[in-house]
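A.B. asks: Structure in structure tokens, see below.
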Amino acid sequence: MLRSCLNHRILRLWLVFAALQGLSHSALAVETLRILAWPGYADADLVKAFEQRHGVRVEVTLVGNDDILREKMAAGSGAHFDVIAANTAEMVHYIDSGLIQPIETGNIPNLRRQLPRFRPLSAIPGITRAGSVYAIPYTYSEMGLIYDRRRFKTAPASYADLWNPRYAGQILLFDGGTHNFSLAAMALGLDPFRIPSAEFPRALKKLLALRRNALVFYSLPEEAARLFREQSAALLFANYGSQQVKLLRDAGVDIGYAVPRTGALAWLDCWAVSRGARNKALAEAWINYTLEPGVSHALSVRQGLANTLETSAASRPGDPLIWLEPVEDGARRTRLWQRILSGEREALLLQ
Amino acid sequence: MKLGIRTRITLLTAALGMLASGLTGYYAYRASQGLLAEAAEREMLTSARVLGRHLTLNIREAARDATLLSGLPATLAVADLREPSTHATVAYNNLARIFESMLAIQPQYFQIRLIRADRHGLEVVRVDRDGTDLTRVDGAMLQEKGHYPYVFQTLRLKPGDTYLSPIRINQEQGTHTGHGQPTLQVARQVFASDGRLYGLIIINIDLNGLFGLLKADLPATQGLYLTNAQGDFLIHPDPEQTFGFQRGHRILAQDVFPSVADIINEKADYRLISLNSPPVLRGHPALPATAVFLRQPLGNYVSDDSFVLIGLSMPQREITRHTHTLAIASLNIVLVFSAVAFVLALWMSRALTSPLQRILQAVGRVSAGGDPGELPLNRKDELGDLARGVAHMHTQIRDQMAALDERRRTVDHLSRHDTLTGLPNRRMFFDVLKHAVTQAERTGAQLAVMFIDLDHFKAVNDTHGHATGDRVLQIVAARLQHCVRSGDTLARLGGDEFIILIESLSTREPVTAIAQKLIAQFETPFSVGPHEARLGLSIGISVLPEDGVEAETLVARADEAMYAAKLAGRNGYRFFTDPS
């Protein structure tokens, strides 16, 4: 009796041990996909569906701005993540620093579902190099103009309206040197991302004029929405795109949203495969998964961001979107912008 | 192991005493711990209130200064200038000197400016703090500020109102010391003499300078927090956590300290927050902490933020540090009282058991037949009763024993003596004789047995009665006793027969002398009351060793010699062996 009891115990212990072994073994065996992305790009329920379909585990790390994303990729030379999401301008940086690797487009059949705007990929600056595709567009937003419908009979057609003295002191602009220089360059008919040194004085004068025409420069979408309402602004440069449209409409403000016909700046976030990816095929499977109609649609519904499969309400297919590219000297633009914003006058600024 | 009652009482009472002091100590500690924690929280709340009050007072002071400056004649002189004017420089310089004086006496001001309403908010007179110096900014260095909320919002004020800016990092270029610093601005409109809105006076307040002084008075372990009305951190032990909204991502107090949301939503004025596992932040110890946050209204200004939140946090370790001291003090008290309890228990058990032991020893002595010795008879308690009981019992036992002894002695005497005459009886006589025979054999001495029978005694009994006979026998005994030596033994064998043992003889002379003395004694008649009797006596004598060497033989031979004497005519004596 005692003997059999003892045997039972040993058996039970052994079973527990075996189960633990099995657990740790399976934990090791389950493949993990490490995603570095922005809030809303890999929601828990969508991630779960992917995990179940592929029998893998997904680890999502969220970032809030480009600088942190760069930091995280730089640490470990990209070996800490398999898939990352970044905009086209940033992709140039990642390709340059060799932190991402070419993607096998054959593994992403859902590419054929994308709008003509995104085909061919080589037409989008910054995501292909030497015939290889490095990034797959996922979501985008144009930086359109929000306007007070009562004061505009027709929608503003161009960023040039930001300089229109009719709206002096009623314009909300974004406090960002890079984009504001691009706006100035476009107004001057220059390449928004490559302003020749010789043209800087003109660009500065253009920005001084922009400053004098502006009511205020905002940083956050909520701040912009509040100022637009409280100060009865007429025009707003929507750096955050449709997100800001939603904020104002939710607040019951009668606004219109226009994507300038003459060309609108737009950011385009893409997926890329890190150079240190453990399983490239799995990373590509994730990218393909996000281009499924259900997943892409969920992004638009939940985040108010345009996806690459469906025509967005804001930008019509023909709207000329100018995807962001790295600028000639971001630091210089920022430095000069800080001086303009501080209120320096022409004489000092052009010295 | 067998535990004595003393040990058991000691252990039990000591344990009880220690338990009582231990429990008292523990509960006192718990209660005091709560009180200390409450006191610490109250202290933090008070500190936070003081900080808040100080902030409000400083803002009020700045608002008064702005009001003062906006109405000064020197300010009006600038506002009234008609351009172009040759007086302009003088007017500007005058006002700049006033700004400088103000900055000199108000170290918490970064900057004072007069800004025009027109010309895109161009600065007219501006003095900046630059380290320990003051710097006048003028000419081409003056900037256009029309696109800053503090300008266009102040210009839209109702007359008499004061504008209070949100607290922000001042990122305006060329602001000297104020650049990159958390700043709060207070502004007032400036009107020209003709009532035209000329511009505004604005004072930049150094937030860190304001709090730095106060922070110096706080314990180093306390963390100071300040947030705006939306909860964005403006001051935080980790500077990285502040002004996130100016870097594109907001860092909100309600995300770190959830109940802060109640203050922001105006559900509460303050909240005490216990964080068992606070978020790990740089410069912010990830230790369990207690924090207090309270809403501080800033005053009656036109502002986007009508209040701020002031928070103080303290590691719980700091709060419990005092309770550690308390715990040690409590422990010491408990230990001392336990020791006292132990000593008391020892003393008590001793006090209780030593009388018991004395009584026990007394009982032991009594049962060993001795005297009980000292007993705690004077005690008024149960032990006294017990001692008295034992003493009483001892007295009773002793008395009974004495009575018994007396009885035994009487019985013994009776068994060896004749009740009538008090003389030894036959039994005793034979014991003495046997002893004397043995003795004589050893020493070689002679001894004699003298058998005496009264003559005519039967006639006395018959004539005068037994009572008289008995009385006569007593007198006979007395007369016989009178004749023997002190070492000799006279006994009554029964009836009218007596016997005498005479020891230590070397010759028969003393024997003969005694016999003659006896006979002579009987010549006197015996008077008993009215009666008188004459008695004679016949004496037979045997001598050791001639007549025998055994007691019985000696007595028998003396008896025979007595018969011979009686036959020879009574009232005479005869040796068994005639010496001649």
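A.B. asks: Output wanted: per-residue J couplings in Hz (rounded whole) for the range A:249-259, from phi through Karplus 6.51 cos²θ - 1.76 cosθ + 1.60, θ = phi - 60°, x for Gly and Pro.
C.D. replies: Using θ = phi - 60°, the values come out as 5, 4, 7, x, 8, 7, 10, x, 10, 10, 9 Hz.
A.B. asks: List, in order, the whole-Hz ³J(HN,Hα) value for each residue of the range B:92-101 obtained from phi through the Karplus relation with A = 6.51, B = -1.76, C = 1.60 and θ = phi - 60°; use x for Gly and Pro.
C.D. replies: These are the phi-based 3J(HN,Hα) values: 4, 4, 4, 5, 4, 5, 5, 4, 4, 4 Hz.
A.B. asks: For A:ASP66, A:ASP250, what ranking results if the residue with the fewest other Cβ atoms within 10 Å of its Cβ goes first?
C.D. replies: The order, fewest Cβ neighbours first, is A:ASP250, A:ASP66.
A.B. asks: Could you pull out every residue, at least 5 positions away or on a different chain, whose amide H is within less than 5 Å of the one on B:VAL308? Hs are placed 1.01 Å off N in the peptide plane, and Pro or chain starts have none.
C.D. replies: B:GLN296, B:LEU298
A.B. asks: In the range A:245-351, if the dipole is taken from +1 on Lys/Arg beta carbons and -1 on Asp/Glu beta carbons about the Cα centre, which of A:VAL253, A:ALA266, A:ILE340 is farthest to the positive end?
C.D. replies: Value computed over the given set: A:ILE340.
A.B. asks: Also, I was wondering about something else. Quick one: compute the contact order of chain B, relative version, from alpha carbon pairs under 8 angstrom and 6+ residues apart, as a percent.
C.D. replies: Result for chain B is 11 percent.
A.B. asks: Relative to the Cα centre, what is the charge dipole magnitude of the range B:417-575, using +1 at the beta carbon of each Lys and Arg, -1 at the beta carbon of each Asp and Glu, and rounding to the nearest 20 debye?
C.D. replies: Value, rounded to 20: 240 debye.
A.B. asks: While we're on this one: Does anyone have the angle between helix B:316-367 and the longest principal axis of chain B? Alpha-carbon axes, 0 to 90°, nearest 10?
C.D. replies: Result, in degrees: 10.
A.B. asks: Further, regarding this structure: Provide the percentage of antiparallel DSSP beta bridges, counting only those with both residues in the range B:447-580; round to the nearest 5.
C.D. replies: Within the range B:447-580, antiparallel bridges account for around 90 percent of the total.
A.B. asks: For the residues A:TRP271, A:TRP286, what sequence is obtained by ranking on other C-beta atoms within 10 Å, fewest first?
C.D. replies: A:TRP286, A:TRP271
A.B. asks: Counting only DSSP beta bridges with both residues in chain B, tell me the antiparallel percent, nearest 5.
C.D. replies: Antiparallel: roughly 95 percent of the beta bridges in chain B.
A.B. asks: Another question, then. Hey, can you grab everything whose amide H is under 5 Å from the amide H of A:VAL60? Only 5+ residues off in sequence or another chain; H modelled, so Pro and N-termini drop out.
C.D. replies: For A:VAL60, whose amide H was placed from the backbone, the distant partners under 5 Å are A:ILE35.
A.B. asks: Zone of B:ILE333 (label point 7 Å along Cα→Cβ, backbone N under 16 Å): which residues in the range B:12-49?
C.D. replies: Counting backbone N atoms under 16 Å from the label point, the list is B:18-37.
A.B. asks: Still on this structure: Using each residue's phi in the range A:109-116, evaluate 6.51 cos²θ - 1.76 cosθ + 1.60 at θ = phi - 60° and report the 3J(HN,Hα) Karplus result to the nearest Hz, with x for Gly and Pro.
C.D. replies: Once θ is set to phi - 60°, the couplings for the range A:109-116 become x, 5, 4, 5, 7, 6, 4, x Hz.
A.B. asks: Along the positive direction of the dipole of the range B:367-496 (beta-carbon charges: Lys, Arg +1; Asp, Glu -1; about the Cα centre), which of B:ALA477, B:THR438, B:GLY370 reaches farthest?
C.D. replies: Comparing the listed Cα positions along the dipole, B:THR438 ranks first.
A.B. asks: Express in nm, to one decimal, how much length is gained between B:VAL411 and B:GLN173 on full extension, taking 0.36 nm for each residue of separation and deducting their alpha carbon distance.
C.D. replies: My answer for the length gained is 71.7 nm.
A.B. asks: Let me ask you something else. Could you size up the charge dipole of the protein assembly as shown around its Cα centre, putting +1 on the beta carbon of Lys and Arg and -1 on that of Asp and Glu, and report it in debye to the nearest 20?
C.D. replies: 2640 debye
A.B. asks: So, with +1 on the Cβ of K and R and -1 on the Cβ of D and E, and no other charges, what is the size of the charge dipole of the range B:104-197 about its Cα centre, to the nearest 20 debye?
C.D. replies: About 280 debye.
A.B. asks: At 0.36 nm per residue, minus the direct Cα-Cα distance, what do B:ARG82 and B:LEU19 gain on full extension? Give it in nm, one decimal, please.
C.D. replies: Using 0.36 nm per residue and subtracting the Cα-Cα distance, I get 13.4 nm.
A.B. asks: Which angle from 0 to 90°, rounded to the nearest 10, does the C-alpha axis of helix B:426-443 make with the longest principal axis of chain B?
C.D. replies: 90 degrees
A.B. asks: Could you work out how far the C-alpha centroid of the range B:511-580 sits from that of the range A:223-251, in angstrom?
C.D. replies: Each part's Cα centre sits 169 Å from the other's.
A.B. asks: Of the options B:LEU414, B:MET450, B:GLN254, report the single residue whose Cα projects farthest towards the positive end of the charge dipole of the protein assembly as shown (beta-carbon charges: Lys, Arg +1; Asp, Glu -1).
C.D. replies: In the protein assembly as shown, that residue is B:GLN254.
A.B. asks: For the pair A:ASP329 and A:ARG112, what calculated FRET efficiency results from E = 1/(1 + (r/R0)^6), where r is the Cβ-Cβ distance and R0 = 41 Å, to the nearest 0.05?
C.D. replies: Efficiency, rounded to the nearest 0.05: 0.60.
A.B. asks: Further, regarding this structure: If the reach is capped at under 23 angstrom between alpha carbons, list the lysines near B:LYS158, excluding any in the same chain fewer than eight residues apart.
C.D. replies: Counting by Cα, and skipping residues close in sequence, B:LYS158 has these lysines nearby: B:LYS145.
A.B. asks: Please go through the range B:91-195 and write out the trypsin sites (Lys or Arg not before Pro) that DSSP classes as loop and that have at most 16 other C-beta atoms within 10 Å.
C.D. replies: B:ARG119, B:ARG156
A.B. asks: Would you mind ranking B:ILE203, B:ILE98, A:ILE287 so that the residue whose beta carbon has the fewest other beta carbons within 10 Å leads the list?
C.D. replies: B:ILE98, A:ILE287, B:ILE203
A.B. asks: Note the full-extension length gain between A:LEU350 and A:ARG302 as 0.36 nm times their separation in residues minus their Cα-Cα distance, in nm to one decimal.
C.D. replies: 12.7 nm
A.B. asks: Between the range A:272-324 and the range A:166-187, how many Å separate their Cα centres?
C.D. replies: Going from one Cα centre to the other spans 28 Å.
A.B. asks: Long-range amide H contacts for A:MET143: which residues qualify at under 5 Å (H placed 1.01 Å from N, peptide plane, sequence gap of 5 or more or a different chain)?
C.D. replies: A:LEU265, A:ALA266, A:TRP267
Read-outs throughout are calculated quantities, based only on the coordinates presented, and are distinct from any laboratory measurement. What you see is a predicted model, and the numbers here were worked out from it, not measured in a lab. Quick reminder, even Gly has a Cβ in these numbers, built from the backbone with ideal geometry, and neighbours come from all protein chains shown.
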